[in-house]
Structures are given as C-alpha cells and as structure tokens.
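Inspection log for the structure reproduced underneath, given as structure tokens.
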Amino acid sequence: MDYFLFRSAAKALASVLPGVKVRQVFQTKPLGVVLELVGGVLYFALDPCRAGIYWFKETAVPKERYHFARYLETMLKGAVLGKVFQVPGERILRLELTKRDLVGRREAYTLVAEIMGRHSNLILLNAEGKILEAAKRIYRDMSRVREVLPGRSYTPPPPHNRVDPFALNREAFLELLTRDTAPIKSLARYALFPPYALKEMEYRLGDGTDGPALLLRCWEIWCSMVEQMEECKGYLYRRDGRPEGVYPLPLKHLGEGEEGPLLPLLEVLVRDRWKREVLEGHRSRLLKVVRKELKKVGKILAILEQEEGEARAAKRFKKWGDILLIYISRIPPGAEEIEVEDPYQTGEKVKVPIPRGITPSQAAQGYFRCYSKLKRKIQALATRKKELEAKREHLKELEWLLESARSLGELKAIREELVAEGLIKRDKKEVETEGPKVLPYRIFRSSRGSTILVGRHPRGNEEVTFKRSDRRDLWFHVRSYPGAHVILRNPRPDPQDIQEAAALAACFSKANQSPAVEVDYTQRRHVRKIPKAAPGLVTYNHFSTIRVVPHIPSGVKEDG
C-alpha cells in the first residue's frame with residue numbers, strides 16, 4: 001500500500017471507525033491481524049507482499065489465535081474506537097481506544113499500525129505511551145535504531161528523506177520541481193510520489209510544454225490530483241477481467257476504471273488476491289507431487305534402458321553355446337577358453353570362455369539358460385517400459401492441467417485423481433469442508449446449436465468419451481500434445497460445427513499458444529481405451545485431421 005493510497009484509506013477509515021466496538025481479535029497467515037468489530041472487520045496485513053489496512057463487511061481469511069491475538073483480545077475486547085488519524089508524511093495509522101475495567105475505571109490504549117513493507121508492525125501502547133505488546137518484537141541485535149519490546153517507550157520509526165507533497169504550498173512545490181534535471185525526476189527522487197502517480201503526471205503533461213510554463217502546469221495537475229484524492233473515492237482497474245489494482249485517483253494513462261467508494265473497492269481487490277493466492281498455493285503443492293513422481297518415473301526408465309542394453313547381449317550367450325556344441329569334439333579336457341572359426345561369420349575367429357570345473361557340454365547348457373533368462377527379462381523390461389512411458393505421458397498431462405487450471409474446483413478434481421492413484425493421501429478436514437462439486441467437463445453450444453463436451457481432466461476425458469457420448473458422435477483431440485477430449489454430439493455435423501469443436505480441442509490443450517494446431521477427429525466408436533492404462537489414455541483410428549487456430553469461437557457459448 002503506497003503513501004497516496006494509505007492516506008486516502010486512512011481518511012476513509014477515520015470516518016467509519018469512531019464509535020465502533022471491538023468484539024474479537026484473530027491472526028492470519030501470512031502475518032496479519034484481524035479486529036472483528038461491530039459492523040465490520042479491520043484487517044492489518046503485515047506481510048511484506050501485501051502490507052496495508054483494509055475494511056471488510058465480513059472476513060474470509062483463515063482465522064487463528066496466537067499469542068499476540070489472544071493478548072490483544074484480552075486488552076481490547078469491548079473497547080470503543082475513538083480518534084483515528086495518520087501520522088503526517090508517514091504510513092503510520094494511530095487508533096485510540098477506550099474501555100471500562102471491572103470497577104468502571106476508564107482505560108485508554110493506542111494501536112499503532114506501521115505499514116512499511118517488510119518492516120510493517122502493529123503495536124499496542126498504554127496511556128503513557130509504553131509498549132504493551134507488538135506483532136513483531138524487535139530486539140537490539142535486530143535493529144540499532146530502536147527496540148520494540150514490552151515495557152519500552154514507543155519510538156517512531158526513523159524519518160525518511162522524502163518530502164510529503166501534500167504539505168507543500170505553491171512556492172515549495174515549484175522549488176521541489178527544480179532540484180533535478182526534469183520535474184518528474186525531481187518528484188521521483190525527492191518526494192513521496194508512487195510510480196503510477198508519476199506516470200499519470202507525465203501523461204497529463206503531454207508534449208510541447210517547457211521552461212517555467214512546464215513547472216506551472218505540473219502545479220496545476222498536482223492540485224487537480226489532490227482534489228480528486230480528497231474525495232476518498234477509489235478507481236479499480238482490471239486486466240483480463242480480474243482486478244489488477246485500486247488507486248485513489250483516476251489514471252487516464254490506464255484508461256477507464258471502475259469508480260466507487262475506496263474501502264469496498266479495496267475489499268474487492270484483496271479478496272481476489274486471496275483467492276489467487278489460495279489457488280496458487282494449491283497448484284504449487286500438487287505440482288510438487290506430480291513433478292516429484294515424474295522425476296521418479298524418469299529415473300526408473302533410465303535404469304530400465306540401461307538394463308535393456310545389458311540384456312540385449314543375450315544373443316551372445318546363445319552363440320557361445322552353439323559354438324561349444326559344434327566344436328565339442330575338438331575341445332581338450334580342462335580347457336578354459338577356445339578360439340575357433342566363427343560359424344556365423346566366414347573368416348572370423350571367435351573366443352568362447354569355459355568356466356573352470358565344468359565340461360564344455362555343461363558350459364553350453366549354462367549359456368543357453370542365460371540366453372533364455374535374458375530373453376524373458378527383455379520381454380518383461382519392454383512391458384514395464386511401456387507401462388512407465390504411458391504413466392509419464394499421463395503425469396505430463398496432469399502437470400499441464402495443473403498449470404492451466406483456473407479454479408479451485410478444477411484443482412480439487414485433479415487432486416482426486418492423485419488420491420485415486422495413491423500419490424497423495426486424502427485430507428479428512430478437506431472432505432468436511434468441500435464446496436459445491438464441479439462437473440468433470442465443460443458444456444458448450446456451437447453457433448448452430450450442437451452440444452460440445454470438453455473434458456476438464458483425465459477422468460473427465462474418460463467420462464465424456466465413454467459415458468456421455470454416442471458411438472456415432474465425433475471425438476476430437478489435438479495431435480501430439482496433452483489436451484482435453486472433445487465430443488461433438490451430432491452424428492451429422494456440418495463443417496462449421498467440426499471447425500468449432502476442433503478449435504475448442506486446440507484451445508484446451510498444451511498447444512493453446514501455438515499459431516495453428518493439427519486436431520484429429522473420428523467417430524467415437526473408433527476410440528479405444530488402453531487396457532490397464534491411466535484414465536484418459538486411448539488409441540484411435542479411421543481419423544481425419546484439421547488444422548485450426550486455438551481459440552473459443554465467437555459464436556460458441558459455454559453453458560453454466
């Protein structure tokens with residue numbers, strides 16, 4: 001949370017919080033503190049990646065009670081918030097609270113929220129300014145500037161060397177602009193100006209202004225920006241439909257944003273970030289499992305290939321046994337090796353070892369046994385290798401599905417796959433808190449009204465192919481890449497339906513970033529499941545191939 005946004009949020013909170021009573025206190029992971037108040041929730045995010053102060057109507061973060069939260073609740077439960085104000089020029093918010101003890105005496109506390117990236121902290125002070133407790137205790141060996149420990153007097157963070165532009169009058173602001181070679185560089189170097197505000201200033205300045213007129217124009221733009229920020233409105237900007245950022249003023253260089261009250265828009269942004277963080281957390285954990293298994297399968301395949309190379313020497317033992325039997329009458333007793341003409345290669349000599357203590361006939365029979373054993377081993381290795389290669393392809397498909405999953409529902413479905421395959425254990429707590437189930441496939445309507453089913457994951461692929469389709473329906477799959485099985489439910493489709501179904505098959509595949517993709521399609525009756533293989537692995541024949549651009553066609557609509 002930058003200085004401009006913090007200032008506007010502090011001003012908005014100062015109009016909401018006074019008179020509100022504290023009900024409960026919790027902590028969150030990553031580090032954060034939640035004050036559950038009458039009528040809303042005040043969330044102090046102290047994690048370096050998302051430090052800030054947010055006001056929600058209700059909380060959606062996992063709540064825990066650690067030492068600091070328990071202590072805060074003991075001291076502040078039932079307290080009423082009074083004055084809320086920002087320390088000028090700092091990202092520090094002070095909240096004054098009062099409560100009555102058991103005998104009716106008034107007790108005063110101050111909660112100091114320091115929102116400063118990795119140095120963010122939440123500190124509880126008594127009426128004398130002594131520290132009662134802090135979310136992050138800072139000892140002398142951690143900082144030479146100040147200690148933050150119970151019983152110590154509260155010392156503000158060391159001052160920074162930047163100017164608060166809100167505190168400058170016209171003359172001081174114009175003087176600030178001349179400190180560097182260009183006004184924008186001066187603001188970036190000497191003032192508390194966030195990067196987006198600098199870009200907006202530069203955008204509004206445009207081209208063609210220079211000299212004193214440029215400085216006056218900067219002052220005029222700054223005055224208009226201040227007026228916009230004093231309204232305590234927020235402007236939400238999205239990218240690909242998802243909230244990208246909330247700002248305290250409209251940013252013309254970003255285009256049109258959603259205007260509204262600042263605090264609710266910040267709630268929208270933070271909740272979306274939480275969802276994305278939860279999604280990415282689940283994704284990374286499952287990807288770790290799949291990639292670990294892929295590495296394991298790769299190592300086993302390398303060992304099998306090495307053993308297969310050694311086993312392919314089996315023909316040598318058969319050849320030695322044949323030679324010993326051919327020349328058995330010429331081998332002197334006790335010989336440990338013979339060198340004779342190779343009966344299989346004219347003009348070549350071959351040496352055949354004879355183990356000590358056995359006859360040439362026994363040595364030949366031993367070589368034949370080795371040959372038979374290695375021959376069986378080659379067959380077993382080939383079968384095992386084929387199974388592992390199929391498993392590797394299946395794991396690669398799961399890896400791609402995890403990388404491309406867009407919702408928790410899709411990740412949960414893939415997790416069920418991993419549970420069914422024994423790669424991870426079922427979490428009992430997760431079973432109790434399961435949300436609404438998601439269909440294992442997507443349903444689309446073509447521009448001509450035909451139904452198109454698209455599998456979400458291997459078991460979903462198996463379901464659409466073998467349970468949700470007629471044998472005369474068309475089946476689609478991108479060639480040579482992992483991807484969704486697609487069923488076009490129309491035994492007599494027209495070319496446009498085929499084109500749209502093929503585009504969907506390409507879109508929901510690992511080749512979705514390619515400029516053009518080849519997609520095979522055939523009637524479902526020509527698709528066969530591979531025996532004993534993982535779900536979704538099939539063979540097919542009697543197919544045709546179409547080349548398409550991966551995308552969702554404009555005339556195709558998704559149901560639900």
It is to be established whether one or more residues within segment 487-501 are among the hydrophobic types (A, V, I, L, M, F, W, C) and under 15 Å from Trp400 (Cβ atoms).
no
Do you know which of the residues in segment 228-287 that are of a type in the set (Phe, Trp, Tyr) and not in a helix (DSSP H, G or I) is nearest to Ala45 (Cα to Cα)?
Tyr247
Those residues of segment 535-552 which are in a loop (DSSP other than H, G, I, E, B), without any contact (Cβ under 8 Å) to a residue 60 or more places away in the chain and not hydrophobic (A, V, I, L, M, F, W, C), in sequence order:
Asn541, His542, Pro550, His551
Say we look at segment 232-261 and pick out the residues that are small (Gly, Ala, Ser) and in contact (Cβ under 8 Å) with a residue 12 or more places away in the chain; which of these is nearest to Leu205 (Cα to Cα)?
Gly255
Mind checking which residues of segment 5-48 are surrounded by 21 or more Cβ atoms within 10 Å (Cβ to Cβ) and more than 17 Å from Glu267 (Cα to Cα)?
Val22, Val25, Phe26, Gln27
Does segment 62-87 hold any residues that are touching a Phe, Trp or Tyr at 6+ places or on another chain (Cβ under 8 Å) and over 23 Å from Tyr247 (Cα atoms), and which are they?
Lys63, Glu64, Arg65, Ala69, Met75, Leu76, Ala79
Among the residues of segment 76-88, is any among the aromatic types (Phe, Trp, Tyr) and touching a residue at least 40 places away in the same chain (Cβ under 8 Å)?
yes
Odd one out for Ala363, checked against (1) free of Cβ contacts under 8 Å to residues at least 60 places away in the same chain; (2) under 30 Å from Gly460 (Cα atoms); (3) aliphatic (A, V, I, L, M)
(2)
Hey, any hits in segment 190-213 for a residue that's surrounded by 13 or more Cβ atoms within 10 Å (Cβ to Cβ), more than 29 Å from the chain's Cα centre (by Cα), among the hydroxyl-bearing types (Ser, Thr, Tyr) and under 30 Å from Ala127 (Cβ atoms)?
no
Tell me, please, whether a residue that is surrounded by 12 or more Cβ atoms within 10 Å (Cβ to Cβ), under 30 Å from Pro531 (Cα atoms) and either among the basic types (Lys, Arg) or at pLDDT 85 or above (or both) can be found in segment 340-361.
no
Out of the helices (runs of 4 or more DSSP H) lying entirely within segment 146-212, which hold 3 or more residues that are in contact (Cβ under 8 Å) with a residue 40 or more places away in the chain?
170-177, 195-205
In segment 269-310, which residue that is small (Gly, Ala, Ser) and within 30 Å of Gly409 (Cα to Cα) is surrounded by the most Cβ atoms within 10 Å (Cβ to Cβ)?
Gly298
If you go through segment 322-373, how many residues are of a type in the set (A, V, I, L, M), in a loop (DSSP other than H, G, I, E, B) and over 30 Å from Glu308 (Cβ atoms)?
2
So Leu149 passes all but one of these: (1) aliphatic (A, V, I, L, M); (2) over 21 Å from Arg91 (Cβ atoms); (3) exposed (fewer than 13 other Cβ atoms within 10 Å of the Cβ). Which condition number does it fail?
(3)
Test: residue in segment 114-135 that is β-branched (Val, Ile, Thr), farther than 25 Å from Tyr66 by Cβ and either over 40 Å from the mean Cα position of the chain (by Cα) or buried (at least 17 other Cβ atoms within 10 Å of the Cβ) (or both)
no
Arg106 - would you say it is without any contact (Cβ under 8 Å) to a residue 24 or more places away in the chain and touching a Phe, Trp or Tyr at 6+ places or on another chain (Cβ under 7 Å)?
no
Hey, among Arg528, Arg489, Arg547, Arg472, which residue is outside the structural domain of Arg392 (by TED's automatic domain parsing), surrounded by fewer than 16 Cβ atoms within 10 Å (Cβ to Cβ) and in contact with a Lys or Arg (Cβ under 9 Å, 6 or more places away or on another chain)?
Arg472
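The values are calculated or read from the model by the stated rules, or taken from the named source; none is laboratory data. What you see is a predicted model; the values in this text were computed from it and never measured. Note that each Cβ is placed from the backbone with ideal geometry, even for glycine, and that neighbours are counted across all protein chains shown.
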